[in-house]
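The values are calculated or read from the model by the stated rules, or taken from the named source; none is laboratory data. Everything numeric here is computed off the predicted structure, so don't read it as measured data. So basically every Cβ, Gly included, is an ideal-geometry build from the backbone, and we count neighbours across all protein chains shown. Heads up: the accessible areas ignore ligands, DNA and RNA and are worked out on the full protein's heavy atoms, side chains in. Shrake-Rupley method; radii C 1.70, N 1.55, O 1.52, S 1.80 Å.
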Amino acid sequence: MDMKRDYYEDIQLLDSKVLWFWFLMLIASLIVFPFLAPNYYIYMANYMAIHVIVTVGLNILVGYTGQISLGHAGFFAIGAYGTVLLMTVLHLPFLLAILLAGFIAAFFGFILGLPALRLEGPYLAIATLGFGMAITQVIGRWQVFGGRMGMEAPSPSFGAYVLESDRQLYFLIVTIAFLLVLAARNLMKTRVGRAFIAIRDSDIAAETMGVNLTFYKTLAFAVSAFYAGIAGGLMAFLLGFINPSTFNFILSIYFLAFVIVGGLGSIFGSITGITVPWEHIDNVFREVDEYYRTSQYRKHNIRPDCYSARCV
Amino acid sequence: MTNDNFFSIHNLSISFGGLMAVDNVSFDVLPGSIFSIIGPNGAGKTTIFNCINGLYSPDSGKIIFQGKNIIGLKPHKIAQKGIARTFQNIELFSRMTTMENLMLGRHIHMKTGIWTGSTFYRRGSRAAQEEIKHRERVEEIIDLLDLQVARNQFVGGLPYGTQKLIELGRALALEPQLLLLDEPSAGMNSEEKQDLIFWIKDIQDELGVTILLIEHDMKLIMDISDRILAINFGKPITEGTPAEIQKHPEVLKAYLGEDEVIGHAA
């Protein structure tokens, strides 16, 4: 429907019954999925959901605010190590630990946002690249963080109920990813998101319209780092073990690749963007491909999509 | 009637390297009036605007707005005091719709922060309420400037004249007390220019906004200005009413050049 009858429809998530239906279908399928799929797919779904969080966060920075970051693996690492240390050293409950780790990452994002006020394009890329690599170096040489040997991540638990299996983790990770994606979408529809986009399109005009450039540019970095930090904490739970080489430079490149393939300035794109083939995703495609060939579900048009994606 | 504290510039100078872009310019703007600055290309008109906005920091001089010197304030602080502007080369947010562009103009009047903004989930939520309220204000501006057709279109693909109007609308959405218009009619055809003259008059009369105008279209300038300042090479030549400016020999020499232009304008 193109006709709008009131202003709320401009910012509403679901403005028709059809969309509500598909939205509920999406939730239902997300809930049912882990009970039907084999374990490996659940693991892959977790893996992808975590990357969705990072990608959405990075898209806020790169796609919406127009600032590049090649250092997001650094925030990812801060989130992961922060969560693990807060849980093992301070014995905080995992939800609090992961939230705090997110804020620690956001703080580092804010710090990195300060030089970003004066740097643009390739210069900013190099500065953030340096940050990402410095983080892994520091972690790798500092025994508090387990050095190069890495450290084991405790399992998250609600009291005595421990989330151990991939399926249990799935509900945690996908719920958080779901909420963070919705939050990002809402944010971009309201005042703060508009300020971000305005800075991207014309920072001079944004400034003269009363947008505080210093504040919003660093805020974009902080928000983006927060997303990466939360995702990092979840990654620690998923892998059960973290070491510096998990958060290498190539990971930052992947994050950026997801954003760009998915589409700059598109939340939905950030979700689809993570289907960029890398070793794990590629395996999924191969198996889906195989599955297609050996099954009768030919009416599902899966294959051409997967095939083209693999060729990218 | 006279209120020199509303907006005045005293001995403003700025140089870039060895070039004096603005050299000792002073003027007073009465509240509710239309004050125009004219001068040949490169005379320093836009530079004066950039100084007022805080985009440039002048070497010397004072810019008084509502009794306070605004030099040294950041651009967004100056916007919050109620000074809005449009640009000579369009500076719209090209990948936003017209509505969103105008909503950005409401930025300083809105409060939604990161938390309320990201967690609204129903019509009654605070962020949603605020959005709705300000959309109503924006709708009034869309009505005023006849922008309904462009309302939900991305501005990047709209015609030049429309984009100029959207810039004007965005500046109005800020509810300024002082509006700086940098060549609002550039690139418009004569019909659009006629409409623009009406709108500028409307803005002055109905909204009570004081307007500072840079223009090259002499007909438009002479029609609507209350006072005019002519500058050349950064130096003020003269200041006066349109009738005085048209007769001033220095202005003729420096800017208008030929008698025909004057005849046409009058």
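Just checking, which of B:LEU179, B:LEU165 is within 22 Å of B:VAL29 (Cβ to Cβ) and not polar (S, T, N, Q)?
None of the others qualify; the one that does is B:LEU179.
(1) free of Cβ contacts under 8 Å to residues at least 24 places away in the same chain; (2) open to solvent by 10 Å² or more (accessible area, probe 1.4 Å): which one isn't true of B:ILE90, the others all being true?
Result: B:ILE90 fails condition (1) only.
Kindly list, by first and then second residue, each pair from a residue in region A:78-94 that is within 11 Å of A:PHE145 (Cβ to Cβ) to a residue that is in a loop (DSSP other than H, G, I, E, B), limited to pairs with Cβ atoms under 8 Å and residues at least 6 apart or on different chains.
Note: pairs meeting the criteria are A:ALA80/A:ALA153; A:VAL84/A:ALA153; A:VAL84/A:PRO154.
Please enumerate the residues belonging to region B:65-83 that are open to solvent by less than 20 Å² (accessible area, probe 1.4 Å) and not in a loop (DSSP other than H, G, I, E, B).
B:PHE65, B:PRO75, B:HIS76, B:ILE78, B:ALA79, B:ILE83
For A:GLN67, all conditions in the list (1) in contact (Cβ under 8 Å) with a residue 40 or more places away in the chain; (2) in a helix (DSSP H, G or I); (3) surrounded by 18 or more Cβ atoms within 10 Å (Cβ to Cβ) hold save one; what is the number of the exception?
(2)
For the condition of a type in the set (Gly, Ala, Ser) and under 23 Å from B:HIS109 (Cα atoms), what is the one hit in B:GLY44, B:GLY32, B:GLY18? Even if it seems obvious, please write down each step before you answer.
Values: B:GLY44 fails: under 23 Å from B:HIS109 (Cα atoms); B:GLY18 fails: under 23 Å from B:HIS109 (Cα atoms).
Answer to the selection: B:GLY32.
Looking at the structure I just gave you, is A:ALA220 closer than 30 Å to A:VAL84 by Cα, modelled with pLDDT of 90 or more and assigned to a helix (DSSP H, G or I)?
It is true that A:ALA220 is closer than 30 Å to A:VAL84 by Cα, modelled with pLDDT of 90 or more and assigned to a helix (DSSP H, G or I).
I need the full set of residues from region B:164-176 which are touching a residue at least 40 places away in the same chain (Cβ under 8 Å), out of contact with any Gly (no Cβ under 9 Å at 6 or more places or on another chain) and away from chain A (no Cβ under 12 Å), in order please.
B:LEU168
Can you confirm whether A:PHE158 is open to solvent by 40 Å² or more (accessible area, probe 1.4 Å) and within 14 Å of chain B (Cβ to nearest Cβ)?
Details: open to solvent by 40 Å² or more (accessible area, probe 1.4 Å): yes; within 14 Å of chain B (Cβ to nearest Cβ): no.
Against the criterion (open to solvent by 40 Å² or more (accessible area, probe 1.4 Å) and within 14 Å of chain B (Cβ to nearest Cβ)), A:PHE158 does not qualify.
Exactly one of (1) in contact with a Lys or Arg (Cβ under 8 Å, 6 or more places away or on another chain); (2) in a helix (DSSP H, G or I); (3) closer than 20 Å to A:ASP201 by Cβ is unmet by B:ILE90. Its number?
Status for B:ILE90: all satisfied but (2).
Name the single residue, out of those in region A:162-200 being in contact with a Lys or Arg (Cβ under 9 Å, 6 or more places away or on another chain) and open to solvent by 30 Å² or more (accessible area, probe 1.4 Å), that is nearest to the other protein chains (Cβ to nearest Cβ).
Among residues in region A:162-200 that are in contact with a Lys or Arg (Cβ under 9 Å, 6 or more places away or on another chain) and open to solvent by 30 Å² or more (accessible area, probe 1.4 Å), the one nearest to the other protein chains (Cβ to nearest Cβ) is A:ARG191.
For region A:209-218, how many residues meet the condition of being open to solvent by less than 30 Å² (accessible area, probe 1.4 Å) and either farther than 28 Å from B:LEU55 by Cα or out of contact with any Gly (no Cβ under 7 Å at 6 or more places or on another chain) (or both)?
Going through region A:209-218 one residue at a time, the tally reaches 4.
Residues checked against (1) in a loop (DSSP other than H, G, I, E, B); (2) under 30 Å from A:ASN186 (Cβ atoms):
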| site | (1), (2) |
| --- | --- |
| B:THR46 | no, no |
| B:ASN50 | no, no |
| B:SER57 | yes, no |
| B:THR112 | yes, yes |
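Give the residue that is farthest from the chain's Cα centre (by Cα), with candidates limited to residues of region A:244-253 that are of a type outside the set (A, V, I, L, M, F, W, C) and crowded, with 18+ Cβ neighbours inside 10 Å.
First, pick out the residues of region A:244-253 that are of a type outside the set (A, V, I, L, M, F, W, C): A:244-246, A:248, A:252.
Add one more test, that the residue is crowded, with 18+ Cβ neighbours inside 10 Å, and what stays is A:244, A:246, A:252.
Details: A:PRO244: 19, A:THR246: 16, A:SER252: 12 Å.
The extreme case among them is A:PRO244.
Testing A:LEU58 on (1) in contact with a His (Cβ under 9 Å, 6 or more places away or on another chain); (2) over 22 Å from A:ALA184 (Cβ atoms), one condition comes back false. Which one is that?
(2)
Report, by residue number, each residue of region B:138-163 that is within 13 Å of another protein chain (Cβ to nearest Cβ) and crowded, with 17+ Cβ neighbours inside 10 Å.
B:VAL138, B:ILE142, B:VAL155, B:GLN163
In region B:93-108, how many are open to solvent by 10 Å² or more (accessible area, probe 1.4 Å), more than 15 Å from A:PHE215 (Cβ to Cβ) and within 7 Å of another protein chain (Cβ to nearest Cβ)?
Qualifying residue count for the region: 3.
Return the only residue of B:LYS111, B:LYS77, B:LYS133, B:LYS81 being more than 9 Å from chain A (Cβ to nearest Cβ) and of a type in the set (Lys, Arg).
B:LYS81
Look through region B:177-201, keep the residues that are assigned to a loop (DSSP other than H, G, I, E, B) and more than 14 Å from chain A (Cβ to nearest Cβ), and return whichever of them is most open to solvent (accessible area, probe 1.4 Å). Talk me through it step by step, then tell me what you get.
Taking region B:177-201 and keeping what is assigned to a loop (DSSP other than H, G, I, E, B), we get B:177, B:183-189.
Now narrow it down to the ones that are more than 14 Å from chain A (Cβ to nearest Cβ): B:183-189.
Values: B:GLU183: 18, B:PRO184: 12, B:SER185: 2, B:ALA186: 29, B:GLY187: 62, B:MET188: 22, B:ASN189: 81 Å².
The selected residue is B:ASN189.
Is one or more of the residues making up region A:10-17 in a helix (DSSP H, G or I), at pLDDT below 80, within 14 Å of chain B (Cβ to nearest Cβ) and open to solvent by less than 60 Å² (accessible area, probe 1.4 Å)?
yes
Quickly run through region A:96-121 and pick out the residues that are part of a helix (DSSP H, G or I) and without any contact (Cβ under 8 Å) to a residue 12 or more places away in the chain.
Within region A:96-121, the first condition is being part of a helix (DSSP H, G or I), and the residues that meet it are A:96-116, A:121.
Those that are part of a helix (DSSP H, G or I) and without any contact (Cβ under 8 Å) to a residue 12 or more places away in the chain: A:LEU96, A:ILE111.
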